[in-house]
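Note sheet for the following structure.
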Amino acid sequence: MDAFVINGGKRLRGTVRVHGAKNAALPQLAAALLTDQPVKLSDVPDLEDIRNMTKLLDELGCEVEHDPAASSVTVHSTDDSKCKARYDIVRKMRASVCVLGPLLARRGKAQVSMPGGCNIGDRPVDLHMRGLRALGAKVHLDSGYIVAELPESGRLTGARVFLGGPFGSTVLGTINVMSAAALAKGRTIIESAACEPEVEDMANLLSAMGANVTGAGTPRVIIEGVDQLHGAKHKVIPDRIEAGTYVAAAAITNGQITIENFPTDALTAVLDRFEYTGVEIEPVKPASGAGPSPTRKRGTRKKNNQGTLDDDRMRQTVRVASTRRLEPTQIFTQPHPGFPTDLQAQIMALLCLADGNSMITEKIFPDRFLHVAELLRMGANLVRNGPTVLVSGVRELIGAQVMASDLRASAGLILAGLAARGTTTVSRIYHVDRGYEKMELSLQKLGADVERVNQPEKQ
C-alpha cells in the first residue's frame with residue numbers, strides 16, 4: 001500500500017498548473033451515453049476515478065480512446081443493449097450514479113448499483129430518483145440496484161422538478177435530471193438546482209451536443225427537450241478544489257508559488273477566507289492574453305469555436321504568497337457559491353498554525369471530521385462539538401504517522417506534513433490518487449521533500 005513520506009519545513013516556490021476538474025469530467029464522460037456519436041473531452045485528469053468511469057463505460061458498450069499526450073478521452077457509445085452498471089465498479093466511485101439519467105433517457109432502461117465513494121457521511125440518492133420520477137420514469141430499488149424504466153409512452157416528459165434536500169441542493173442529482181431532460185419531450189424546469197461550476201460546465205457540454213439548456217449556474221435550470229443529441233468536443237474546466245489545495249500549500253509553508261489554469265471565478269468564497277487569513281493571491285495575467293471578458297448572464301456564457309468558456313477568470317494565472325502571521329477566521333461550508341466542503345480539511349490544516357482561535361462548521365456533511373484525530377497526532381489543538389471544530393493555533397506541527405480516511409482528508413494531512421517539523425508519513429494514499437494527479441510530483445517541482453513509498457500493510 002502506497003504512502004507519502006514528507007520531510008516538512010520546506011518553503012514552496014515555483015509554478016504548478018491546475019488539472020481539469022475530476023467532478024466535471026466524470027459526469028461529462030457519462031454524457032457520451034446520450035448520443036451514438038463520439039464525444040471528445042480534453043484536459044481530463046489522469047486519476048483512478050477517471051479510469052474507473054471509463055472502465056464502466058466500456059462495460060456499457062462504449063469505445064473509449066485515451067490520448068495521454070493531449071490529456072483527452074474520446075467516448076463513442078456503440079452498443080445500446082447494455083444498461084447495467086455493476087456493483088463491483090460503482091462501489092468504488094459515487095459519481096458512477098451519473099450514468100443513470102443518460103442510460104434511462106436514451107436506452108430506455110437503467111440498472112445502476114447504489115453508489116459508494118468516500119467515507120464522509122450519508123449521501124442518499126433519493127433526490128435523483130425523485131427527479132426522474134417527476135419526468136415520468138418508473139423507478140424502484142431491487143437488490144441494491146436503482147432500476148429505472150421509461151413510461152409506456154416510450155419517452156420522458158418535461159416537468160417542474162424540485163431538488164432541494166436537507167443539506168441543500170444535489171450536484172449529481174441536478175446533472176442526472178438535466179441529462180435525462182435533454183432528451184425528454186417538452187420543457188423541464190429544475191428548481192433548487194445545484195449552482196456549482198461543474199453543473200454549469202455540464203450544461204455547456206450538453207449545449208455543444210445540441211441540447212437546449214439555460215440558467216445553469218443558478219437555482220433554476222430550464223431544459224427544452226430535443227429528439228436527439230450529437231457528438232461534440234469540450235474542454236473540462238479547471239479543478240477548483242485542486243486549485244484551492246495548492247493555495248493552502250503555499251500558505252502553510254510560507255511559500256510563494258505561481259498557479260496556472262486557476263479558476264478564480266469559481267473560488268470567490270474560498271479566496272475571501274484565504275485573503276482574510278493573510279494569504280495574498282494576485283492575478284499575473286489572463287490565460288488567453290485577451291483581457292477580461294464582458295459581463296454576461298450566468299448560464300449563457302459565450303463559447304469559442306473549441307466549445308470552451310470564453311472567460312479569462314476561469315483560466316487565470318495567479319501568484320500566491322502569505323504573511324508570516326496568519327489570522328484566525330470562521331468557516332461555514334455551504335453549497336456553491338459558499339465555501340466548499342471539499343476544502344474544509346485543507347483550510348483546517350492551515351488554521352492549525354493561525355495566531356488565535358478559528359471555528360469551522362460543516363453544514364454539508366456534519367460528520368466529515370475523520371482528519372481531526374490525525375491532526376491531533378501532529379500537535380494540533382482541535383476541539384470538536386457536533387458539526388463544529390474549534391481550532392486553536394499552535395506555534396508548530398510535529399511530524400507523525402497518520403492515516404488518510406478519505407480524499408480531501410488526505411490532502412489536509414499532506415499539507416500539515418509539509419509544514420510540520422520532522423517527518424510525516426501519510427498512509428493509505430490511494431485516497432488522494434482519486435482526486436489529485438501525481439500530487440507528489442507537483443509538490444516536488446515546488447521544492448517539497450515528499451516521496452511515494454510502498455508501505456507493507458499491517459496484519
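One line per residue, one yes/no per condition, for (1) surrounded by fewer than 24 Cβ atoms within 10 Å (Cβ to Cβ); (2) within 30 Å of F274 (Cα to Cα); (3) under 18 Å from the mean Cα position of the chain (by Cα); (4) free of Cβ contacts under 8 Å to residues at least 40 places away in the same chain:
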| position | (1), (2), (3), (4) |
| --- | --- |
| A181 | no, no, no, no |
| E198 | no, yes, yes, no |
| I223 | no, no, no, no |
| H230 | yes, no, no, no |
| K233 | yes, no, no, no |
| R240 | no, yes, yes, no |
Scanning segment 410-435 for residues that are more than 15 Å from D49 (Cβ to Cβ) and among the polar types (S, T, N, Q), the one farthest from the chain's Cα centre (by Cα) turns out to be T423
For segment 229-255, how many residues meet the condition of being more than 19 Å from L267 (Cα to Cα) and touching a Phe, Trp or Tyr at 6+ places or on another chain (Cβ under 7 Å)? 0
For segment 330-368, which residues satisfy the criterion of being of a type in the set (F, W, Y) and either over 23 Å from T174 (Cα atoms) or not in a loop (DSSP other than H, G, I, E, B) (or both)? F332, F339
Taking the conditions exactly as written (among the polar types (S, T, N, Q), at pLDDT below 90 and surrounded by 23 or more Cβ atoms within 10 Å (Cβ to Cβ)), does S96 satisfy them or not? yes
Pairs returned, first residue in segment 369-395 that is in a helix (DSSP H, G or I), second residue that is polar (S, T, N, Q), beta-carbon separation under 8 angstrom, 6 or more apart or interchain, are L370/N119; L370/S405; H371/S405; E374/S405; R377/Q401
Quick one: which of L156, L150 is out of contact with any strand residue (DSSP E or B) (no Cβ under 6 Å at 6 or more places or on another chain), surrounded by 24 or more Cβ atoms within 10 Å (Cβ to Cβ) and farther than 29 Å from K363 by Cα? L156
Going through segment 215-259 in order, the residues found to be part of a strand (DSSP E or B) and touching a helix residue (DSSP H, G or I) at 6+ places or on another chain (Cβ under 8 Å) are A216, V221, I223, A232, K233, H234, P238, Q256, I257, I259
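The values are calculated or read from the model by the stated rules, or taken from the named source; none is laboratory data. For clarity, every value in this text was computed on a predicted model and none was experimentally measured. In this analysis, Cβ positions are derived from the backbone assuming ideal geometry, glycine residues included, and neighbour counts consider all displayed protein chains.
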